[in-house]
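These notes concern the structure reproduced below.
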Amino acid sequence: MRIIEFRLLPGLAAASVIATPLPAIAAGGAHGVDDAAVETPGACHLESWVSDLGGGERLLNFSPACTAEALPTVEIGGTVQRVGVPGARRWLAGPAIKWTLHEGGRGPAVGLAGSALIDPGSGHIENAALLVPVTFRPADRITVNLNAGVGHSRGEGAHPIYGAQVDVAAAQGVALMAEIFGRPDQRPALQAGIRWTFDRDRIDLDLLAGRQGGAAGNGSLTLGVTIRR
């Protein structure tokens, strides 16, 4: 999953992403709102997606992560992104970590997630975020994820970030999702889509459409694949 916010740099769009997975609940992958769970202990995954953000903007993302059996509540991973607009493009990369503080049971699950994206050329931290995701299920087929935290963008400083998502298990291996996320001082981003899960829950395929946050509000289209092993 990601929390992603876009801001324009000179000739290039930058993105701040937390990439976190979840086999058991449908958040994760290319979704904009995070959940409180980590990958299955002893397992790894690769989340990848490509987004058309309108106006010639493109985003290509790869996010591997693993949870060790010795640390079953901690997921350690990273993100590699290629971001670009017509005539300009570059790569960003950085670490990501998520810790499940409370696994839920009869109450909500609570986590803590952090990430950063660094420009390898300059060594500058372009974006970073610290987030508290909360997950609960008001009904058997419905999952709600809530996010609150702080983001930091180079040149803009720190700012609050938030997100809310509703996920509905529509059928075996099929989930529908709608979400809103962003920062309080800007117009929020909206996204909705469908996820197909197959190969014994080891592969997710996401198809998402939405509207970016901020002043431009361009439409977005995303195709994502998550592979777990």
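Quick note: the coordinates plus some simple rules give every number you see, no bench work behind them. Source: prediction; values computed, not measured. Note that we place each Cβ from the backbone using ideal geometry, even for glycine, and neighbour counts take in every protein chain shown.
Can you tell me the FRET efficiency between A158 and A178 if r is taken as the Cβ-Cβ distance and R0 is 30 Å, rounded to the nearest 0.05?
It comes out at approximately 0.60.
Round to the nearest 0.05 the FRET efficiency obtained for L46 and L101 when R0 = 25 Å and r is the Cβ-Cβ distance.
In this case the efficiency is close to 0.50.
GNM, the chain, Cα, under 10 Å: largest mean-square fluctuation among G214, G105, G182?
Evaluated over the chain, the most mobile residue of the options is G105.
I need to check one value: relative contact order of the chain, counting alpha carbon pairs closer than 8 Å and at least 6 residues apart, in percent.
This gives 18 percent for the chain.
What ranking do 150-159, 69-78 get when scored by the average of other Cβ atoms within 10 Å per residue, highest first?
By packing density, highest mean first, the sequence is 69-78, 150-159.
For Cα Rg over 2.2 N^0.38 Å, several values are listed as (i) 0.94; (ii) 1.29; (iii) 1.07; flag the one computed from this structure.
Read-out from the structure maps to (i).
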